[in-house]
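Take a look at the structure set out below.
The values are calculated or read from the model by the stated rules, or taken from the named source; none is laboratory data. The model shown is predicted, which means the values in this text are computed figures rather than measured ones. Don't worry about glycine lacking a Cβ; one is built from the backbone with ideal geometry, like all the others, and counts go over all protein chains shown. Quick note on the areas: whole protein, heavy atoms, side chains included, nothing else; ligands and nucleic acids left out. Shrake-Rupley method; radii C 1.70, N 1.55, O 1.52, S 1.80 Å.
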Amino acid sequence: MSHQTPLGSSGPQANCLGLWREKNDQLVRQAKVAEHLGLSPRRQKLAQDALEGLRGLLHSLQGLPAAVLVLPLELTVICNFITLRASLAQGFTEDQAQDIQRGLERVLETQKQVGPKLECGLGLRGLWNSVLHAASLPPELLPALHHLAGLQAALWLSTDHLGDLTLLLQTLNGSQNGSSEDLLLHLKTWSPPAKEPDDPHTLQGAQGLRDVLLTAFAYRQGLQELIAGNLPRALSSLHEAASGLCPRAVLVQVYTALGTCLRKMGNPQRAMLYLITALKGGLICGPPLLEASRLYQQLGNTAAELESLELLVEALSVTPSSEAPRFLIEVELLLPQPDPASPLRCGTLSQVKHLLASRCLQTGRTEDAAEHYLDLLALLLDGWEPKFSRLPCPQGLCMPEIFLEAAAALIQAGQAQDALTICEELLRRTSSLLPKMPWLWKDARKGTKESPHCPPWVSAAYLLQGQAWVQLGDSKQAISEFSRCLELLFRCIPKDKEQGPASNCEQGWCMSDEALQQLRAAALISRGLEWVASGQDTRALQDFLLGVQVCPGNGDASLHLLQTLRRLNRRDEATALWRKLEAQTKLPQENATWSLPLYLETCLSWIRPPDHETLLEDFRTSLLEPCNQ
């Protein structure tokens with residue numbers, strides 16, 4: 001058709017309007033029938049057929065010149081097409097933005113604002129500004145335009161174009177100024193025109209879109225404020241989200257976030273009420289169970305904390321039942337990917353199993369810890385290659401440390417032989433990483449600057465093997481393993497050593513200087529204690545003295561050294577050391593700014609003297625005794 005139909009004429013468009021409208025209504029009814037068919041092939045086919053029908057209808061409408069009489073229906077068809085397409089794809093694409101743009105351009109064509117303005121590329125923001133400020137915009141277009149604006153708002157919210165969204169809502173509300181911080185207020189203020197009974201059928205009206213937008217933005221804002229630590233503002237936004245149009249799955253997340261917020265604000269009772277309500281939602285148990293474990297840990301209720309984690313493991317082990325999404329723009333479509341710092345990230349099954357195992361080890365549930373670590377290794381080792389050059393760390397877990405934690409848990413539980421097996425398996429799988437000792441000595445003789453790289457956890461494996469042999473009563477084998485550990489620690493320098501503390505090292509391949517010092521001290525103290533057990537105090541003295549030198553912050557090495565000096569009757573040296581330790585106990589204790597790997601903390605607990613203050617007091621008493629006694 002080569003001619004322009006006069007505005008408001010009763011030409012071919014008027015004659016076909018009823019047919020086009022009936023086609024739109026029939027396709028909407030078809031989509032709604034499909035929506036209630038559950039997850040079935042017929043549902044998908046009916047919905048896809050409805051989508052193609054709307055595409056064809058839109059093509060027919062836009063194949064004719066734009067006319068005010070037809071535009072309300074045309075814009076409604078665009079809205080239905082975008083809604084169905086986005087819900088089927090579970091997200092927005094650039095195509096939806098182009099559909100909106102074409103609809104706005106058609107509106108401007110009827111306002112005689114064609115030519116240069118459209119050719120220069122206004123962009124969506126400019127098009128909306130031109131359309132909504134058009135002097136002769138017919139009132140009958142407003143409901144459909146508000147509907148289209150709701151979809152534009154959903155697209156901009158999902159893509160984080162909050163500035164554009166704020167300006168659009170300001171224009172719709174007739175306000176002149178404001179910022180993106182006022183977006184929640186703008187959404188509350190926006191009041192789309194009510195739908196008339198004789199209007200074309202829609203999959204989702206403007207008012208429904210407004211409610212979804214309000215909930216989605218309040219929830220997003222609440223999570224952002226929660227992660228940033230702005231708890232009162234987070235609480236306000238999350239309450240707004242909970243009071244809005246909130247699907248059950250989203251409501252569970254909102255209640256979980258409210259529980260987190262209240263826990264951090266020091267209100268555990270209210271936090272627990274929200275978490276219980278979230279768990280009653282029944283769809284998603286992971287986030288509220290994880291948050292419940294954090295709450296119980298904060299309250300010191302270890303049994304309830306571990307029970308929550310066990311329930312979380314069970315929940316993640318079961319494939320969740322999925323519900324067929326409705327053919328609407330729902331809150332979930334407008335939410336970003338979960339932030340790594342979000343309290344709603346409950347992690348994978350292996351991550352939660354590791355958390356459960358490590359908490360059991362930390363809280364003294366040794367048998368449970370050993371069992372959980374063995375289960376975790378069985379899960380993670382499935383499909384692993386026997387040998388590899390670098391250990392993979394799936395889902396953020398450091399595999400070498402998991403091996404070492406498992407070995408420590410087994411030793412703690414009295415299963416030394418199983419611990420040896422775990423350490424041997426770790427070393428077998430990483431045999432290609434171990435330095436060849438002849439080359440090491442050759443490099444040392446040549447004075448070369450480069451030293452073979454040996455990851456610290458390899459040394460730690462020998463340390464734990466030594467502790468396992470201690471438990472099995474084989475002192476000779478234990479001393480051999482401790483010596484191997486020390487040989488690697490003192491001869492092999494981690495690659496990042498010369499790069500300084502700011503170097504980026506791969507997880508599991510290096511450790512902090514403080515942790516490395518503690519690892520060396522643990523090996524020296526462990527070997528020294530075996531020398532003591534075999535009556536070789538002079539050799540023990542050397543190891544304890546070296547332990548004090550390599551790790552001045554390790555008080556255990558100093559106490560063992562004090563006891564050994566006392567046994568060897570080296571009174572003057574013992575007295576000097578005692579006075580130094582006494583002076584240190586009177587100084588204000590600084591909190592450590594670093595943390596140790598769990599396996600190393602566990603190992604250090606085995607070699608720690610039972611009572612620091614009692615030992616010093618006993619020495620004070622003996623110091624007052626006559627020297628010839």
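Within the stretch 490-509, does at least one residue satisfy the condition of being within 16 Å of Arg539 (Cα to Cα) and modelled with pLDDT of 75 or more?
So the first thing to find is which residues in the stretch 490-509 are within 16 Å of Arg539 (Cα to Cα), and the list is none.
Scanning the stretch 490-509, I find no residue that is within 16 Å of Arg539 (Cα to Cα) and modelled with pLDDT of 75 or more, so the answer is no.
Given the structure, is Ala249 at pLDDT 95 or above and either under 30 Å from Arg106 (Cβ atoms) or within 30 Å of the chain's Cα centre (by Cα) (or both)? So Ala249 fails the test. You will find that of Leu183, Leu142, the residue that is at negative phi, buried (at least 18 other Cβ atoms within 10 Å of the Cβ) and assigned to a helix (DSSP H, G or I) is Leu183 and no other.
Scan the stretch 526-573 residue by residue and report those that are under 16 Å from Glu613 (Cα atoms) and either open to solvent by 30 Å² or more (accessible area, probe 1.4 Å) or among the small types (Gly, Ala, Ser) (or both).
Gly555, Ala557, Ser558, Gln563
Scan the stretch 468-483 for residues that are surrounded by fewer than 18 Cβ atoms within 10 Å (Cβ to Cβ) and in contact with a Gly (Cβ under 9 Å, 6 or more places away or on another chain) and the total you get is 3.
Would a scan of the stretch 515-523 turn up a residue that is open to solvent by 20 Å² or more (accessible area, probe 1.4 Å), at pLDDT 90 or above and basic (Lys, Arg)?
First, the residues of the stretch 515-523 that are open to solvent by 20 Å² or more (accessible area, probe 1.4 Å): 517, 520.
Next, only the ones that are at pLDDT 90 or above stay: 517, 520.
Narrowing further to those that are basic (Lys, Arg): 520.
The answer is yes, given that some residue of the stretch 515-523 is open to solvent by 20 Å² or more (accessible area, probe 1.4 Å), at pLDDT 90 or above and basic (Lys, Arg).
Pick out the one residue from Gly266, Gly259, Gly174 that is within 20 Å of Pro287 (Cα to Cα), without any contact (Cβ under 8 Å) to a residue 40 or more places away in the chain and surrounded by fewer than 18 Cβ atoms within 10 Å (Cβ to Cβ). Walk me through it before giving the result.
On the way: Gly259 fails: surrounded by fewer than 18 Cβ atoms within 10 Å (Cβ to Cβ); Gly174 fails: within 20 Å of Pro287 (Cα to Cα).
None of the other options fit; the residue is Gly266.
Evaluated against (1) part of a helix (DSSP H, G or I); (2) of a type in the set (D, E, K, R); (3) modelled with pLDDT of 85 or more, Arg608 falls short on exactly one condition, (1).
From the list Lys188, Lys195, exactly one residue is open to solvent by 70 Å² or more (accessible area, probe 1.4 Å), over 19 Å from Leu295 (Cβ atoms) and in a loop (DSSP other than H, G, I, E, B). Which is it? So that I can check it myself, show each step before the final result.
Details: Lys188 fails: in a loop (DSSP other than H, G, I, E, B).
Step by step, each of Lys188, Lys195 is checked, and only Lys195 is open to solvent by 70 Å² or more (accessible area, probe 1.4 Å), over 19 Å from Leu295 (Cβ atoms) and in a loop (DSSP other than H, G, I, E, B).
Those helices (runs of 4 or more DSSP H) of the stretch 36-115 in which 2 or more residues are touching a Ser or Thr at 6+ places or on another chain (Cβ under 9 Å) occupy 71-89, 94-110. All of (1) more than 30 Å from Arg43 (Cβ to Cβ); (2) open to solvent by 40 Å² or more (accessible area, probe 1.4 Å); (3) without any contact (Cβ under 8 Å) to a residue 60 or more places away in the chain hold for Asp339 with one exception: (3). If you go through the stretch 198-234 and keep only what is open to solvent by 40 Å² or more (accessible area, probe 1.4 Å) and of a type in the set (Gly, Ala, Ser), you end up with Ala228, Gly229. Within the stretch 260-299, being over 17 Å from the mean Cα position of the chain (by Cα) and under 26 Å from Thr319 (Cβ atoms) holds for Leu275, Ile276, Thr277, Ala278, Leu279, Lys280, Gly281, Gly282, Leu283.
Just the residues that are closer than 22 Å to Val318 by Cβ and either modelled with pLDDT under 85 or touching a Lys or Arg at 6+ places or on another chain (Cβ under 9 Å) (or both), please, taken from the stretch 360-372. Passing the criteria: only His372.
Could you tell me how many of the residues in the stretch 138-171 are closer than 23 Å to Gln90 by Cα and not hydrophobic (A, V, I, L, M, F, W, C)? Total meeting the criteria: 9.
Residue-by-condition table, conditions (1) open to solvent by less than 10 Å² (accessible area, probe 1.4 Å); (2) in contact with a Leu (Cβ under 9 Å, 6 or more places away or on another chain):
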{"site": "Pro41", "(1), (2)": "no, no"}
{"site": "Ala47", "(1), (2)": "yes, yes"}
{"site": "Ala50", "(1), (2)": "yes, yes"}
{"site": "Leu75", "(1), (2)": "yes, yes"}
{"site": "Gly91", "(1), (2)": "no, yes"}
{"site": "Gln101", "(1), (2)": "no, yes"}
{"site": "Ala135", "(1), (2)": "no, no"}
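Can we say Leu361 is touching a Phe, Trp or Tyr at 6+ places or on another chain (Cβ under 9 Å), over 24 Å from Glu401 (Cα atoms) and surrounded by 15 or more Cβ atoms within 10 Å (Cβ to Cβ)? Explain how you work it out, then say what you get.
Details: touching a Phe, Trp or Tyr at 6+ places or on another chain (Cβ under 9 Å): yes; over 24 Å from Glu401 (Cα atoms): no; surrounded by 15 or more Cβ atoms within 10 Å (Cβ to Cβ): yes.
No; evaluated as a whole, the condition is false for this residue.
Does Thr575 fit the bill of being assigned to a helix (DSSP H, G or I), modelled with pLDDT of 90 or more and out of contact with any Asp or Glu (no Cβ under 7 Å at 6 or more places or on another chain)? So Thr575 does not fit the description; no.
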